[in-house]
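The values are calculated or read from the model by the stated rules, or taken from the named source; none is laboratory data. This structure is a prediction, so every number in the text was calculated from the model and none was measured. Glycine gets a Cβ as well: all are built from the backbone with ideal geometry, and neighbour counts include every protein chain shown.
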Amino acid sequence: MRQSGLKGIIKVIFVIIFIWTLTGCASPQSPYTPSPPPAAPIVEPEPASEVLPKIPISKKPEFYVHKVRWSGETISVIAQWYTGSQRNWEDIVKVNPGFDPKRMNIGDKILIPVEIIENREPMPQKYLRTSVPEKPEPSSSMIKPATEPHKTKALDSPEKDLGMAEPDENELFELQDTEKSVPESDEIELFETVE
C-alpha cells in the first residue's frame with residue numbers, strides 16, 4: 001500500500017504542475033515597455049579659451065649632401081664651389097652638428113643648406129686642383145738658408161754699445177781691507193763639551 005500511496009502523491013504533483021503550466025500560458029501577456037533611459041549628466045560649459053592665431057608651420061630645412069671624395073678638400077673650398085663664397089663655410093658648419101672642419105675624411109657627408117646653394121653640380125676634382133694653391137717655389141724675395149755662418153760682433157759692454165759713458169771701476173767697487181787676524185787652529189775650539 002505504501003507504493004500505491006506514493007504513486008498517488010506523484011500523480012497529484014504531476015497534475016498540479018500541468019495545470020499550473022496551462023494557466024500560465026493562458027494568461028494575457030502584458031506589452032513590453034522599455035524603461036526610460038537614465039538622465040544625461042549635466043555638463044557645465046568651460047569658459048571659452050583664448051583662440052591663438054595659427055602659426056604657419058615652417059617647412060623642414062632642406063639640404064644638399066656633399067660627400068668628401070678627395071684628400072685636400074676643405075670646408076671653404078666646398079663652400080666656394082656650392083655657394084659662390086668661401087665665407088659661407090660657417091653656415092655650413094652650423095648645420096652639421098659634431099662636424100669638425102679640421103678633421104675632414106674621405107667619405108664624410110656634409111649638409112649644405114639649399115637656400116645658400118648657387119651650384120648643384122657635384123664638385124669635380126679638377127676644381128679642387130685649381131682652387132687649392134700649390135706650395136710656392138722659393139723666390140729671391142724669400143729668406144734662404146745661410147751658406148756661411150753668420151759673423152756677429154762681440155759686445156764690449158752694454159753701456160758702450162748703447163752710447164753711455166762707462167763707469168769707473170773704482171766707483172763701482174770699494175776696496176776693503178781683507179786682512180784680519182785669523183786665530184790659529186789651536187785656539188779654535190770646534191766642539192763644546194756638554195755636561
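Determine whether region 72-82 contains at least one residue that is outside any loop (DSSP other than H, G, I, E, B), loosely packed, with under 15 Cβ neighbours inside 10 Å and at pLDDT 90 or above.
Within region 72-82, the subset outside any loop (DSSP other than H, G, I, E, B) is 75-82.
Restricting the remaining residues to those that are loosely packed, with under 15 Cβ neighbours inside 10 Å gives none.
No - not one qualifying residue is present in region 72-82.
Name the residues in region 87-136 that are part of a loop (DSSP other than H, G, I, E, B), in contact (Cβ under 8 Å) with a residue 24 or more places away in the chain, farther than 15 Å from GLY72 by Cβ and over 19 Å from the mean Cα position of the chain (by Cα), would you? First the steps, then the outcome.
In the first step, residues of region 87-136 are kept if they are part of a loop (DSSP other than H, G, I, E, B); the result is 95-100, 104-108, 117-124, 132-136.
With in contact (Cβ under 8 Å) with a residue 24 or more places away in the chain added as a condition, the list becomes 95, 104-108, 117-120, 122-123, 132.
Filter once more, keeping what is farther than 15 Å from GLY72 by Cβ: 95, 117-120, 122.
ILE117, GLU118, ASN119, ARG120, PRO122, listed by residue number.
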